[in-house]
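A short write-up of the structure that comes next.
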Amino acid sequence: MPSRHLRRYQAPEWWPISTKEAVWVVRPSPGPHPLAKSLPLALLVRDVLRYTKTLREARYVIGKGLIKVDGRVRRDYKYPVGLMDIVEIVPTNEVYRMVPHPTKFLWPIPIGQEEARYKLCRIENKTMVKGGQIQLNLHDGRNLQLPYEEGSKYNTLDSVLIDINEDKIVDYIKLELGSLGLIVDGKNVGHYGKITEIIQTYRKRGSTVKIVTGDGKEVRTIVNYLFALGREKPSITIMPQQLTQSQ
């Protein structure tokens with residue numbers, strides 16, 4: 001099998017492709033997001049945003065440097081685009097954020113230029129590195145090194161709002177009672193609301209969490225599927241009319 005392609009029937013079910021149109025589909029390059037939770041940039045341009053009609057056209061547009069992901073030009077048509085990534089169409093100044101969707105799993109929503117420099121990331125791990133600094137490992141493969149005193153205040157599974165232009169933290173959101181949580185995986189993906197209950201287990205990521213959405217619906221998931229979104233309101237635009245509203 002060609003390394004750059006993937007059999008269509010093996011692709012994630014949420015990808016917007018037909019399994020009967022052809023045998024092969026673009027395989028995402030190794031990158032910041034796993035295959036099951038990302039979409040190759042070419043498919044995003046062609047099948048989701050519909051800026052092109054063919055893969056050849058999508059490769060041309062991407063190769064010309066007309067698409068940015070998180071503020072950087074990406075010329076690899078197989079580049080994996082995933083959760084919370086910011087995609088900018090350079091000629092039109094259109095900007096999109098990839099967010100969880102109740103039926104499409106992951107989908108781009110338009111955001112304003114003022115939000116294009118801010119990205120919400122989850123802390124997946126933190127480690128001690130040389131010089132006594134603490135390194136935060138974020139969900140999108142980004143690593144931030146901070147002085148020990150500053151880095152020690154951050155906890156895994158909490159979220160940080162990043163200024164991607166300067167690669168620095170501008171806000172910190174704890175995953176705790178009273179915060180807003182967004183479900184990013186599982187059968188309840190796309191719902192968000194206020195965290196009202198956390199049932200701890202010996203394994204932190206397996207703890208059960210209950211959120212209450214804006215219409216009063218109670219939804220349960222595990223901590224590993226939850227993304228701390230904000231305090232009184234979401235820190236970023238997630239298009240409430242497409243998702244289950246919390247306010």
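The values are calculated or read from the model by the stated rules, or taken from the named source; none is laboratory data. Remember, predicted model here, so these are calculated numbers, not experimental data. Note that each Cβ is placed from the backbone with ideal geometry, even for glycine, and that neighbours are counted across all protein chains shown. SASA here: full protein model, heavy atoms, side chains in, ligands and nucleic acids out. Shrake-Rupley method; radii C 1.70, N 1.55, O 1.52, S 1.80 Å.
Per residue, how big is the convex hull around the C-alpha atoms of region 72-111? Give it to me in cubic angstrom, could you?
81
Pairs to check: 37/194; 37/153; 68/130. Give those whose C-alpha atoms are more than 27 Å from each other in this structure.
Pairs exceeding the cut-off: 37/153; 68/130.
Please report the spacing between the Cα centers of region 203-237 and region 76-113 in Å, no decimals.
22
Leaving out ligands, DNA and RNA, and with a 1.4 Å probe, what % of the accessible surface on the chain is carbon or sulfur? Display every interim value, and only then the final one.
On the way: 5900 of 12450 Å².
With neighbouring chains kept in place, the figure for the chain is 47 percent.
Could you name the aspartates and glutamates whose alpha carbon sits less than 16 Å from that of residue 126, not counting residues in the same chain fewer than 8 places away?
Excluding near neighbours in sequence, the set is 140, 149, 150, 158.
Could you size up the charge dipole of the chain around its Cα centre, putting +1 on the beta carbon of Lys and Arg and -1 on that of Asp and Glu, and report it in debye to the nearest 20?
Values: 38 positive and 26 negative charges, 199 e Å.
Its charge dipole is roughly 960 debye.
Counting only residues 5 or more places away or on other chains, whose amide H sits under 5 Å from the amide H of residue 79 once H atoms are built in the peptide plane?
HN-HN under 5 Å from residue 79: 29, 41, 42.
Kindly provide the pair-distance distribution of region 1-87 built from C-alpha pairs, with 10 Å bins from 0 and whole-percent values in order of increasing distance.
18, 55, 25, 1
Between residue 197 and residue 9, what length in nm is gained on full extension when 0.36 nm per residue of separation is reduced by their alpha carbon distance? Write down the numbers at each step before the final one.
Working: separation 188, 0.36 × 188 = 67.68 nm, distance 3.89 nm.
Contour length minus the Cα-Cα distance gives 63.8 nm.
Scale the Cα Rg of region 37-141 by the rule-of-thumb value 2.2 N^0.38 Å and send over the ratio, two decimals. Please report the intermediate quantities before stating the final value.
Numbers: Rg = 15.3 Å, N = 105, 2.2 N^0.38 = 12.9 Å.
In units of the globular-protein estimate, region 37-141 measures up at 1.19.
What ranking of 98, 128 comes out by heavy-atom accessible area, probe 1.4 Å, highest first?
128, 98
With the other protein chains left in place, how much accessible area per residue, in square angstrom, belongs to the chain at a 1.4 angstrom probe? Write down the numbers at each step before the final one.
Numbers: 12450 Å² over 247 residues.
On a per-residue basis, 50 Å².
For residue 65, what is the net charge nearby, where nearby means another residue's Cβ is under 9 Å from its Cβ and Lys, Arg count +1, Asp, Glu -1? Provide the component values of the computation, followed by the final result.
Working: positive: 64, 68, 74, 75; negative: none.
Neighbourhood net charge equals +4.
What residues qualify as long-range amide H neighbours of residue 105, i.e. H under 5 Å apart, gap of 5 or more or another chain, H built at 1.01 Å from N?
Result for residue 105 returns nothing.
P(r) for the chain: what percent of alpha-carbon pairs falls in each 10 Å bin, starting at zero?
For the chain, the pair-distance distribution reads 7, 30, 34, 22, 7, 0.
222 nm [θ] for the chain, helices only, -39500 (n - 2.57) per DSSP H run of 4+, per residue, to 500?
Values: 2 runs with 13 residues, N = 247.
My calculation for the chain gives -1500 deg cm²/dmol from helical runs alone.
Quick one: Karplus J couplings for region 109-118, per residue in order, coefficients 6.51, -1.76, 1.60, θ = phi - 60°, nearest Hz, x for Gly and Pro?
Residue by residue, region 109-118 yields 10, x, 10, x, 4, 5, 8, 5, 9, 10 Hz.
Counting other Cβ atoms within 10 Å of each Cβ, which GluC sites (Glu not before Pro) in region 127-201 have at most 12 and sit in a DSSP loop? Could you put the intermediate results ahead of the total?
On the way: sites: 149, 150, 166, 176, 197; in loops: 166, 176.
Passing sites in region 127-201 are 166.
Going Cα to Cα from residue 20, which lysines come in below 18 Å? Please leave out same-chain ones fewer than 8 positions away.
53
Taking the Cα centre of region 108-247 as the origin, how large is its charge dipole in debye, to the nearest 20, when only Lys and Arg (+1) and Asp and Glu (-1) carry charge on their Cβ atoms? List each step's numbers first, then the result.
On the way: 19 positive and 17 negative charges, 102 e Å.
Rounded to the nearest 20 debye, it is 480 debye.
Given R₀ = 30 Å, what would the calculated FRET efficiency be for residue 19 paired with residue 76, taking r from the Cβ atoms and rounding to 0.05? Numbers along the way, then the final one.
Numbers: r = 25 Å, r/R0 = 0.82.
Result of the calculation: an efficiency of 0.75.
So for 69, 129, what's the accessible-area order with a 1.4 Å probe, most first? Working shown, then result.
Values: 69 0, 129 35 Å².
Descending order: 129, 69.
Order 86, 222 by their accessible area, 1.4 angstrom probe, all chains in place, largest first.
Details: 86 5, 222 55 Å².
Of 86, 222, the descending order of accessible area is 222, 86.
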